[in-house]
Amino acid sequence: LTAKEARVDKRRDSKSSARELRAAKKERETDKRGGRGLSKRERILEARRFAEQRRRELAEARRRAEIARQAAIARARAIEQARRDEAMANIAKDDTTGEDLEVRRAAVAALGHRAGTVVVMDPKSGRVYTVVNQDWALRKGFKPCSTIKLMTGLAGLTEKVIDPVQTVAVSDRRYAIDLTDAMAYSNNGYFQNVGGRVGFERLITYAHELGLGERTGINHANESPGRVPLFKTGFAVNRMCSHGDDFEVTPLQLATLVSAIGNGGNLLVPHLPRTPQEDAQFQRIVRRKLNIPQEAMQRLIPGMIGSVNYGSGKKAFDPLQTIAGKTGTCIGSDRSWLGLFTSYAPVQNPQLAIVVIAKGSDGRSHIPAYIAGQI
């Protein structure tokens, strides 16, 4: 058929359908009157009855929808409260032997009644000051979300995928952005572009180099090794580099990773001195010197500073010191919101490495960055 003939047939079919509907309606009306058609007044009354019935049906549908909405809100609140209760119960059971109680009080106060965990350590020596909610911090793995961009950035710099002026066109090709702003604003397209060009096998090499997928060696029992992906291809590789898909990291692993960036490339064994003798004899233990150029780590730091000064981590900003950090927010493996912040400060002479991870509504709106800033 030509286009004109098709349009004519379509109009003919439409008119035919309308006639059939009118005939069916008339037939129903005739049936109601024992074969006699409805009068005008009767048709108006019938229409009003139909409209009133429709209004009642809509009102009932709205009522049921509101009941379902309120039930969903109640379930969500119950789940949120259960998470917070779990976190508080875990904190109450924490073994604080050897911890710096001043640091612990600050960390517990900053976390408040939120569903989260905190790790604070010395990024130069590996001394652990406090681990709040030790079950989550040591024995559970979390999706790293955008904190994985630290790995992606270091891989891109070392493999020279990120060019000398630190600019790579993001995936939508609408504009270009440099590494510093991409890190500060946590730009997904930039790091997807970089990760796709580095390739899966090389990326996983850097993940292992940075301590992901293996225990840190802390003197706490039952530490989780986390997890790294076994295989990915196509765009799944790109997305892995911006969202951390199929990775699992512990807060302690993130603390050792960010400490290595801050201390010049030493991946340390975190240790908590349990006795005065251990404290007096404490020595730094270097797990390994990262096989990543010092220049690559240095080029990553301005973006981490930018994150806190003006980017996604600005809730951690402190006018009295320079903080380097990286945020992460995404949907976790249990389909709930997850928020992360990994950081060290001050940049010129690092004294503290702080990692905060929170779940549910406590993980949104960069609340973990705020908690770290308070500590």
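Please work out how much accessible surface L157 shows to a 1.4 Å probe, ignoring ligands, DNA and RNA, in Å² rounded to 10.
The accessible area comes out at roughly 10 Å².
At 25 °C and a viscosity of 0.890 mPa s, what translational diffusion coefficient does Stokes-Einstein give for the chain, taking Rh as the Kirkwood radius over Cα pairs? Give it in µm²/s as a whole number. Walk me through the intermediate numbers first.
Details: Rh = 23.9 Å.
My calculation gives 103 µm²/s for D.
If you average 1/r over all unlike Cα pairs in segment 52-103 and invert the result, what Kirkwood radius do you get in angstrom? Before the final figure, lay out the partial values.
Details: mean 1/r = 0.0673 Å⁻¹.
About 14.8 Å, per the Kirkwood formula over Cα pairs.
Relative contact order for segment 205-303: what percent, with Cα pairs under 8 Å and sequence separation of 6 or more? Working shown, then result.
Details: 111 pairs, mean separation 26.0, N = 99.
Dividing the mean separation by the residue count of segment 205-303 yields 26 percent.
May I ask for log10 I(q)/I(0) of segment 303-375 at q = 0.17 Å⁻¹, from a Debye sum over the Cα atoms as equal point scatterers with solvent left out?
-0.54
Write out the chymotrypsin sites (Phe, Trp or Tyr not before Pro) in segment 198-260 meeting two conditions: DSSP loop, and at most 11 other Cβ atoms within 10 Å of their Cβ.
Values: sites: F200, Y206, F231, F235, F247; in loops: F231, F247.
Those that pass, being in a loop and sparsely packed, are F231.
For segment 253-350, which chymotrypsin sites (Phe, Trp or Tyr not before Pro) pass both filters: DSSP loop (anything but H, G, I, E, B) and at most 11 other C-beta atoms within 10 Å? Don't jump to the answer; show the numbers that get you there.
Values: sites: F282, Y310, F317, W337, F341, Y344; in loops: F282, Y310, F317.
Within segment 253-350, no chymotrypsin sites (Phe, Trp or Tyr not before Pro) qualify (loop, at most 11 other Cβ atoms within 10 Å).
I want to check the label-to-label distance for F235 and K40. Put each point 7 Å from Cα in the C-beta direction and report it in nm to one decimal.
6.1
Beyond 23 Å between alpha-carbons counts as too far, so tell me which of K93/K124; K314/K359; K149/K289 fall in that bin.
Details: K93/K124 29 Å; K314/K359 20 Å; K149/K289 21 Å.
Cα-Cα > 23 Å for K93/K124; rest within.
If you build the convex hull over the alpha carbons only and average its shadow over all orientations, what do you get for segment 116-158? Give it in nm² to one decimal.
In nm², the orientation-averaged hull projection of segment 116-158 is 4.1.
Would you grab the residues whose amide H sits under 5 Å from the one on R287? Only those 5+ places off in sequence or on another chain, please, with H modelled 1.01 Å from N.
It is L267, L268, V269, by chain and number.
Could you check which residue among A61, A82, A184 shows the biggest mean-square fluctuation in a GNM of the chain with a 10 Å Cα cutoff?
Fluctuation is largest for A61.
Testing the spin-label approximation: label points 7 Å from Cα along Cα→Cβ at A221 and R54. State their distance in nm.
7.0
Once every DSSP H run of n ≥ 4 in the chain is given -39500 (n - 2.57) and the sum is divided by its residues, what mean residue ellipticity at 222 nm do you get, rounded to the nearest 500 deg cm²/dmol?
-16500 deg cm²/dmol
Please report, in whole Å³, the volume per residue of the convex hull around the C-alpha atoms of segment 233-341. Walk me through the numbers before you get to the answer.
Working: hull volume 18.3 nm³, N = 109.
Here the figure is 168 Å³ per residue.
Among V161, I218, T205, which residue has its Cα furthest toward the positive end of the charge dipole of the chain, with +1 on Lys/Arg Cβ and -1 on Asp/Glu Cβ?
V161
The values are calculated or read from the model by the stated rules, or taken from the named source; none is laboratory data. All values reported here derive from a predicted model rather than from experimental measurement. Quick reminder, even Gly has a Cβ in these numbers, built from the backbone with ideal geometry, and neighbours come from all protein chains shown. Protein only, heavy atoms only, side chains kept; ligands, DNA and RNA dropped before computing areas. Shrake-Rupley method; radii C 1.70, N 1.55, O 1.52, S 1.80 Å.
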